[in-house]
Amino acid sequence: MSIFPIEDIQKWIAPLNESIAHYDRMIEWAEKQPPTDRVQASDMLEQIHEDWSAHYCPLCQAAFRDCQHCILAMGCMPCSHPQEYEGEIEWYKMSEWQKMAASKTWGEWLKYAKVMRNIMVKIRGTLERGGE
C-alpha cells in the first residue's frame, strides 16, 4: 500500500531531485563558512544566487508554495505551519526546515539542512519503490 497517491509519484521525482541538488549546493557553500558565524541568507544569495526560501525551492514551486500539498508534507511534515504563525512556535513543534531557518549560526544551519536533505533522499527512495 502506497503512502503517496500513485498519480503523484512521477510528478514529484524531478522536483525532488532538483531540491536535493539545491540543498547540495547550499550545504557545500555553508560548509565553507565559519560555523560560529551568524546566518545571513543574503550572503548565500549574493554568492550562489539561491537560499532556502520557497522562491528557490523546486518542491515549493511544484506545490505552488502550498506546503500542505508538497511531497514533504505527505511523507513526513510540512516545512512550515501557517496556522501556528500567530504566536511563538515551541522549538520541539518546529519542522526541521523551521529549525534551519531559525538557526543562529552556520554550524547550526548545516545540521538542519543536512536533515532536510536526508528526508528528501528517503522520500525519493520511497517514490522510486512505487510509494511503498
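The values are calculated or read from the model by the stated rules, or taken from the named source; none is laboratory data. In this text, all values refer to a predicted model and were calculated from it rather than measured experimentally. Virtual Cβ from ideal backbone geometry, glycine too; neighbours counted across all protein chains shown.
Odds and ends about this structure:
- Applying a threshold of 6 Å to beta carbon distances and a minimum spacing of six or more residues, or different chains, the list of pairs starting in region 93-104 at a residue that is touching a residue at least 40 places away in the same chain (Cβ under 8 Å) and ending at one that is of a type in the set (Ser, Thr, Tyr) and surrounded by 19 or more Cβ atoms within 10 Å (Cβ to Cβ) reads Met100/Tyr112.
- Search result, residues across region 48-70 that are in contact (Cβ under 8 Å) with a residue 40 or more places away in the chain and in a helix (DSSP H, G or I): Pro58, Leu59, Gln61, Ala62
- Selection of region 9-36 for residues being in a loop (DSSP other than H, G, I, E, B), in contact (Cβ under 8 Å) with a residue 24 or more places away in the chain and surrounded by fewer than 13 Cβ atoms within 10 Å (Cβ to Cβ) yields Pro34, Thr36.
- Test: residue in region 72-80 that is farther than 15 Å from Ile123 by Cα and at pLDDT below 60: yes
- Against the list (1) touching a residue at least 12 places away in the same chain (Cβ under 8 Å); (2) of a type outside the set (Asp, Glu); (3) out of contact with any Phe, Trp or Tyr (no Cβ under 7 Å at 6 or more places or on another chain); (4) surrounded by 13 or more Cβ atoms within 10 Å (Cβ to Cβ), the condition Leu45 fails is (1).
- Residue list for region 48-73, restricted to those being out of contact with any Phe, Trp or Tyr (no Cβ under 9 Å at 6 or more places or on another chain) and within 17 Å of Lys32 (Cα to Cα): Asp51
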